[in-house]
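One structure below.
The values are calculated or read from the model by the stated rules, or taken from the named source; none is laboratory data. If you're wondering where the values come from, they're calculated on a predicted model, not measured in any experiment. Here the Cβ is made from the backbone with ideal geometry for all residues, glycine too, and neighbour counts use every protein chain on show.
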Amino acid sequence: MTTHYYTNNLDADSKPQHISVTVAGQHFSFQTDIGVFSKSGLDFGTKTLLEALDLSGKTGKVLDVGCGYGPIAIYVAKTYGLQVDMVDVNERSLGLALLNAEKNGVKEKVSGFVSHCLDQVSEMYEVVITNPPIRAGKQTIFQIYEQSYQQLQTAGELWVVIQKKQGAASTVKKLETLFQEVEIVAKEKGYLIIRARK
């Protein structure tokens, strides 16, 4: 059965595997599976985002949109000690993310629920982070940006990683229509790390 990571796919074939990852000198272990994004190893965009991320001084809650098997949320919880909510349309991904939070010792810091974009999100956050699901299309990605703006506290930040060839210019343009301040904080091998401040 063919399946995509941005659909709800609990019925897909399952073949769990374990990967080990080092990000900014920290070691993580993740369980992944068929039908989840980047199942064979941490994708370069996410790794670049995490290594550029600076949440020092933040004390509020963080939202990870399109969490996959949980690397962003788990890294943030472990590195900064912040409470992180995760959302994903893919129930298998979310289940793995919760399992991986326990596996990496941050179970108490991380929670998650199924949501298409931020449709089921009602809380306000200090930070929203996303490696948006490019294959879901521009309309979905722009919906994530719009809804993130709505769910951010004043002076809250949205962090995005996107490839230049997959719409980075249109992402920057869209974010500039929503946010007071938009900054490219890092560029690496065609990936841009963008921070937008409300």
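List the strands (runs of 3 or more DSSP E) inside region 118-198, counting only whole elements, that have at least 2 residues being touching a strand residue (DSSP E or B) at 6+ places or on another chain (Cβ under 7 Å) and free of Cβ contacts under 8 Å to residues at least 24 places away in the same chain. Qualifying strands (runs of 3 or more DSSP E): 181-188.
Scanning region 17-35 for residues that are surrounded by 11 or more Cβ atoms within 10 Å (Cβ to Cβ) and at positive phi yields ALA24, GLY35. Taken together, the criteria exclude ILE19 from residues that are β-branched (Val, Ile, Thr) and either assigned to a loop (DSSP other than H, G, I, E, B) or in contact with a helix residue (DSSP H, G or I) (Cβ under 7 Å, 6 or more places away or on another chain) (or both).
Reported count of residues in region 42-94, each being without any contact (Cβ under 8 Å) to a residue 60 or more places away in the chain and small (Gly, Ala, Ser), is 6. Going by the structure shown, is GLY25 under 18 Å from PRO132 (Cα atoms), modelled with pLDDT of 90 or more and out of contact with any helix residue (DSSP H, G or I) (no Cβ under 6 Å at 6 or more places or on another chain)? In short, no. Take the residues of region 36-82 that are among the acidic types (Asp, Glu) and either surrounded by 21 or more Cβ atoms within 10 Å (Cβ to Cβ) or modelled with pLDDT under 95 (or both): which is nearest to HIS18 (Cα to Cα)? By that ranking, first place goes to ASP43.
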